[in-house]
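Participant: Have a look at the structure that comes next, please.
What follows draws every value from the coordinates through simple rules; no lab data is involved. A quick note: this is a predicted structure, and the numbers were derived from the prediction, not measured. Here the Cβ is made from the backbone with ideal geometry for all residues, glycine too, and neighbour counts use every protein chain on show.
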Amino acid sequence: MILPVLTALAEPTRLAAMSILWVGGEHCVCELMARLDVSQSRMSRHMQTLKQAGLIVDRRDAQWVRYRVSPDLAPPLRDVVAAVMAATPKAQRNAA
């Protein structure tokens, strides 16, 4: 259960995307693409990995998809993600 979470967060672009989502709110894939300077197809693949790990949920909004941290994220996994975010320097979390 924890291995998919850590594997998903081990990739710099996914870590940066999760960092953006972690601070709260819902973010459009277009915003994530712009902030991380990533193509739409690459961003979608990364978000799919985070979704499969159970870290995020999505919803369709017209032609865009909006992402947020999963409200059903189990407390032990939420603690793991919080620890990863706290242990990762901000510059590294924001570098894609």
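Participant: Go through the range 9-42 and report how many residues are part of a helix (DSSP H, G or I), touching a residue at least 12 places away in the same chain (Cβ under 8 Å) and charged (D, E, K, R). Quick ask: steps written out before the conclusion?
Facilitator: Our first condition is that a residue be part of a helix (DSSP H, G or I); within the range 9-42, this holds for 9, 12-22, 29-36, 40-42.
Still in the list and also touching a residue at least 12 places away in the same chain (Cβ under 8 Å): 9, 12-22, 29-30, 32, 35-36, 42.
Narrowing further to those that are charged (D, E, K, R): 14, 35, 42.
Total meeting the criteria: 3.
Participant: So V29 fits all but one of (1) crowded, with 16+ Cβ neighbours inside 10 Å; (2) out of contact with any strand residue (DSSP E or B) (no Cβ under 7 Å at 6 or more places or on another chain); (3) of a type outside the set (K, R); what number is the exception?
Facilitator: (2)
Participant: On to the next question. Check S70 against each of (1) out of contact with any Gly (no Cβ under 9 Å at 6 or more places or on another chain); (2) surrounded by 15 or more Cβ atoms within 10 Å (Cβ to Cβ); (3) of a type in the set (G, A, S); (4) on the phi < 0 side of the Ramachandran plot and name the one condition it does not meet.
Facilitator: For S70, the failing item is (1).
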